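Before any comments, here is the structure.
None of the figures in this text is laboratory data; all of them are computed from the coordinates on show. Since we're looking at a predicted model, the values are computed, not measured. Counting neighbours? That spans all protein chains shown, and the Cβs are built from the backbone with ideal geometry, glycine included.
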Amino acid sequence: MEAAGNGRREAALGALAVLPDEVLCAVVDLLPPADIGRLACASSVMYILCNEEPLWMSKCLSIGGPLEYKGLVYVQRIITFGKSLVSLMQLTKDFGEVPFRISQRSPQKISMKLKDYVSYMELQHDEDPLYIFDDKFGESAPPLLEDYSVPYLFQEDFFGILDYDQRPAFRWLIIGPERSGASWHVDPGLTSAWNTLLCGRKRWAMYPPGRVPGGVTVHESLENQVFSYDIDFLSQFLEKERDHYSSIWSPTNSIGQREAREWLRRLWVLKPELRELIWKGACLAISADKWYSCLEEICACHSLPLPTEDEKLPVGTGSNPVFIVSGNVIKIYAEGGLGYSVHGLGTELEFYHLLQKIGSPLINHIPEIIASGFLEYKDDNYRTVPWDGKGIPDVLAKHYPLEEMTGEVGDAATVPPEWKELVFTLNGRKKNVKKHLANWGSTVPQILLEKAEEYLPADMGFLIKFVESEKADGDLEQMNAIHIIDFSDLSVGDPLCDIIPLHLDVFRGDNDLLREFLLSYQLPFLRGESNTDICKSLQNSKFSRASYRAM
Amino acid sequence: MAAPESGDGNNGAARMVTLISSDNTRFEVEAAAASLSQTLQLTILDGGGGGGDGIPLPNVDSATLSKVLEYCIKHAPAAANGGAPNATAVDRAELERFDNEFVNIDQSVLYSLIMAAHNLEIEGLQSLVAKKVADMIKGKSPMEIRRTLGFPDPTPEEQAEMNAHMLEYGWAYE
């Protein structure tokens, strides 16, 4: 193989074949585009060397000015701006002609129209792709500013004392494909900043001040810092006692509670000298002070020793704060709000209870429960109210009277006329559910068939909950359905309908996953722009709604 | 064989190092000049190449090495001034004249020089020779490039492939 390869080089390059590719590439790099084009036609090996994408990227960048990437335009990523769902397609529609600034690698200011950037993003294979890094998006696309608001913690604007034209760059829009991003750096402005993720994923790695990441060399001068890399940079992943923070940031994994907790805990243990600083950070980031007061109350109530200095921060990356205090585990259910937490605690207690009841040997491998209960916050103090997981705890009933679950909601009086037919049909289907599932084939185990009815509400109207609009009370026209019912699970019909729950539940709405899934069945992924005709006919129809689009 | 003259040298006690070419010729040269090579720099900093030892360079023959050293000796003073920010226009013009003259050489010598500059990592020389090759390509048609660089004639198969490429790069011909 190799010999054949070398033979090809010799046959195509003659004496020049002695020079390694990288030297030839350095030569090609010096040529203007037209000469590269002609050189490509002079020899088959030159043709290959002259078609390197990084070569043409650097050629374009060195020329500067507005950049256009020729190719098809098609996008399907969804960007969330604040609370509204905006597809990048929509963004391109609104701002396609607006030039945005591109991450700079050359002294020239490079900008690209959004539509051109999007086509570049979709088509490129660059190792280190260009990304939009624009500090003037507010000026070039003002409506974008209305799509977000600054979180309250950061609303104080120190640049406010400057005249507007004196302000340094202070807000950036960043858009980029896989593999794009900044390398190690210390924020050049040395400022505090907040970031929000609109869509996609981003990996952050953050180190405490003064700590240099593995494999990175810092050459520091008064003016600037230059970071260079060692091929051994992967060694950083082998650091067992790492004190840095590295996390993928995505809509389902925001940087916050869980990872921040793990990192802070590591720092707490490894760097006792920094504890004052870490505690401050932990109070802001993971409400360490609040959980610590809870912890104190719990320990006092159950006569457990108070947490030592080392034990003040929660451990692990679970969904709830967990403390280890003198060999005891204290778990505080908090995630997902009260209802969710009560459910979580109840389920866990039920599980322990069940193990006990059936005398499972598993019991030897799990901690014994000392106590469980609620913490009630009253008059600036926490108070413990015991609860063993059975019945509705008084403290809950007192503060949050629960609705009686059966029959009340969705009774005939509150169902708007146009939904009545539906509720009627559903109730009919519910009666037949066992037979229906049995007809489905042998896929559903008998035991589940028996239980199916238990899982359905007494009145199927319960599935639809209506809120009255404030304007017209009692006017059924003005009522809105606030739950989406997913009928696909109920029927044996077009398997296409099953794509909706699959997409929403299994893929969590991630279009890339859905695309891969469909590809594995050789099915095309309907793309808005590449199906312009369909797209036009769909506009303003019910098909443009989110649920239809998901399908 | 005598080492190339190292100019007058304003430092009489300049440290010398010995380099040994692939055909066993020894070249004695100022450490500052040899240090233009990134490859040699560390060895020299470690005190290598002095005395009777010498640094063997099995990839560079004596003809090429003498040419390389001619470049290094000429450029060492400017490099020692940190890229010569305070060099006079005359000095710079002189270096430029030298460079132009220096690469005005037979193609096979040029290629050996490229390889040596590459292996020894002499940055200035690397860009000088790369620029020379680029200049040989600039403004020529594919046929002329092929003739200039001595590419073998393509097989009919390759020619067909080439013709297709010429269509693709049509814009490169006005």
**Message:** Around A:SER44, under 11 Å between beta carbons, what's the net of Lys plus Arg minus Asp minus Glu among the other residues?
**Reply:** -1
**Request:** Using a 10 Å cut-off on Cβ to Cβ distances, tally the other chain neighbours for every residue of B:144-153 and report the average as a whole number.
**Result:** 5
**Listed residue pairs exceeding 25 Å between alpha carbons, taken from A:LYS312/A:LYS357; A:LYS290/A:LYS331; A:LYS390/A:LYS431; A:LYS390/A:LYS451** = A:LYS312/A:LYS357; A:LYS390/A:LYS431
**Request:** Holding the Cα-Cα limit at 31 Å, pick out from A:LYS115/B:LYS138; A:LYS115/A:LYS202; A:LYS136/A:LYS202 the pairs that are longer than that.
**Result:** A:LYS115/B:LYS138
**Prompt:** Taking neighbour Cβ counts within 10 Å as the exposure measure, how do A:SER43, A:SER58, A:SER149 sort from fewest upward?
**Reply:** A:SER149, A:SER58, A:SER43
**Message:** I want to check the label-to-label distance for A:LEU274 and A:TRP56. Put each point 7 Å from Cα in the C-beta direction and report it in nm to one decimal.
**Reply:** 4.6 nm
**Request:** Could you calculate the contour length gain from B:ALA160 to B:GLN41, that is, 0.36 nm times the residue separation minus the distance between their Cα atoms, to one decimal place in nm?
**Result:** 38.0 nm
**Prompt:** Each label point is 7 Å from the Cα along the Cα-to-Cβ direction; what then is the distance between the points at B:ASN59 and A:VAL315, in nm?
**Reply:** 5.5 nm
**Request:** At 7 Å along the Cα-to-beta-carbon direction for both A:VAL150 and A:CYS301, put a label point, then send me their distance in nm to one decimal.
**Result:** 4.1 nm
**Message:** Ratio of alpha-carbon Rg to the 2.2 N^0.38 Å globular estimate for segment A:302-347, to two decimals, please.
**Reply:** 1.26
**Message:** Through the Karplus equation 6.51 cos²θ - 1.76 cosθ + 1.60, θ set to phi - 60°, convert the phi angles of segment A:19-30 into ³J(HN,Hα) values in whole Hz; use x for Gly and Pro.
**Reply:** 7, x, 3, 5, 5, 4, 5, 4, 5, 4, 4, 7
**Amide proton proximity set for A:PHE100, modelled H, under 5 Å, gap of 5+** = A:MET112, A:LYS113, A:LEU114
**Request:** Go ahead and run the numbers for FRET between A:GLU376 and A:ALA438, Cβ-Cβ distance against an R0 of 45 Å, rounding to 0.05.
**Result:** 0.40
